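Everything on this sheet refers to the single structure shown next.
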Amino acid sequence: MTFEKALGQVKKGDGTGMRRPHWKNGDVRCQNPLFNGPYTGAGMTAPYLYMSDRLGNIPWIPSMRDLFADDWEIVEW
């Protein structure tokens, strides 16, 4: 699946993440105040992407390779 299609699914805030097959751990998730409510713990009120793995959550910005890849998968969490 393309990045655009995967992101469209994840933006809905329905408990899904997205990842590429070669990633061993973790997936990309979206915090979207329109659907999830504001994440007041961090003061975030605008949508953002973050990587979630066994060590926790960190902000994430896609690389050019990620943006143009067509091997994205949707995962439930």
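Observations on the structure shown:
- When residues of the range 1-43 are limited to those that are out of contact with any Ser or Thr (no Cβ under 9 Å at 6 or more places or on another chain) and aromatic (Phe, Trp, Tyr), the one modelled with the lowest pLDDT: PHE35
- Test for TRP72: is it aromatic (Phe, Trp, Tyr), surrounded by 12 or more Cβ atoms within 10 Å (Cβ to Cβ), out of contact with any Asp or Glu (no Cβ under 6 Å at 6 or more places or on another chain) and at pLDDT below 95: no
The values are calculated or read from the model by the stated rules, or taken from the named source; none is laboratory data. In this text the structure is predicted, and so the values were computed from the model without any measurement. Counting neighbours? That spans all protein chains shown, and the Cβs are built from the backbone with ideal geometry, glycine included.
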